[in-house]
Amino acid sequence: MEEQRGLKMAGIREEDDSHTQQNIFYGIEFNLLPEGCISSVFSFTTPRDACRFASISAILKSAADSDSVWDRFLPSDCHLFLEKAVTAQSLFNSLSKKQLFMRLADFPLLIDDGVMSFSLDKSTGKKCFMISARNLAITWSDTPRYWAWNPDSKSRFSEVAELVTVCWLEIKGKMKTSLLSTNTEYAAYLVFKMKPEAFGFYTPVEVVVQTAAGKVETRDVYLVSRDRYQLIPRIGILNQFLAPVTRLRQDEREDEIKLPNDRLDEWQEIKIGEFSTGEDEDGEVEFSVLEVKAGNWKGGLLVEGIEIRPKYKEI
């Protein structure tokens, strides 16, 4: 749908072949149009469409790659995040607008002294963020007996939170909606992974999203993969010393279990929930990951953070 909209705005029918696209713009030859005119048209499409146009011909590539096009795709407040970047500002000053866009899409930018990352959705230019574990409110995270803070070579942040052992798991975070893209459907994800010796995660955890308007979305999810844990009941306080298992509720079918997904960056994620932004919002969205009812001891969880991105974006 997004591609069809972009093609329509650019005056190219999706069924047109590449030869027609290269030469005809609703009956007008492209090589007769000023490059600035072509760039102006492309700036009203999407980053994905602009990349498609650039592959058609040298004339279109020059127009589609121009700063005037990609400046429209960058968020209007992009400079504010660049100013907060841990990376040297001079690096970004040497890039074209397209190069800057692609860098922000492919390599999340650490901001706010390295406790948050900022990136762009490559298809639309919508803003994405990850709140680091250090910037989350994790109960007892300052007590070494319960939580440890260690570097991880696979993390974008300097440290991740490692659960040593707790019976009360409570992780909370929040995000200002004014930082997000307007009129966008977002989803929030807990980004984590389990150590081989992880234990105690045989019951579901509760994940919650509460919007600035007070709307609350709650659901139960599992932090374990189906191929790692047996789907059988387990009873007793000695579960941490036994083989890891997952216990299903009586009203829960196996095909309804919400399990984590693997990410390309070698972490896992589980969706916390979804929310949407409007125009000129100035509130906060709150996220929670809770397991405070079962009372069983658990450990071996590594938390990188909570990621907020357009809900259709895959990782």
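The values are calculated or read from the model by the stated rules, or taken from the named source; none is laboratory data. All of these numbers come straight from a predicted model, not from anything done at the bench. Using ideal geometry, Cβ is built from the backbone for each residue, glycine included, and neighbour counts are taken over all protein chains shown. We work out accessible area using only protein heavy atoms, side chains counted, and drop any ligands, DNA or RNA first. Shrake-Rupley method; radii C 1.70, N 1.55, O 1.52, S 1.80 Å.
Quick notes on this structure:
- Global form of segment 258-303, assessed from the alpha-carbon gyration tensor, a/c cut-off 1.5: oblate
- Accessible surface, segment 178-227, averaged per residue in Å² (probe 1.4 Å): 40 Å²
- Cut-off 20 Å (backbone N to label point 7 Å along Cα→Cβ of D262), residues of segment 149-174: 153-156
- Residues of segment 87-102 falling in the label zone of D71, defined by backbone nitrogen less than 12 Å from a point 7 Å along Cα to beta-carbon, are 97-98.
- Between segment 52-95 and segment 96-140, the alpha-carbon center distance in angstrom: 16 Å
- Cross-link pairs K122/K154; K98/K193; K126/K176; K98/K176 - those with Cα-Cα distance over 25 Å: K98/K193; K98/K176
- Label-point separation in nm, S178 to D280, each point 7 Å along Cα→Cβ: 1.3 nm
- Heavy-atom accessible surface of segment 26-159: percent carbon and sulfur, 1.4 Å: 52 percent
- Simple point charges give the picture: +1 on the Cβ of Lys and Arg, -1 on the Cβ of Asp and Glu, and for segment 60-120 a dipole about the Cα centre of about 240 debye.
- Once the Cα-Cα distance is subtracted from the 0.36 nm per residue extended length, the L95 to A58 segment shows a gain of 11.2 nm.
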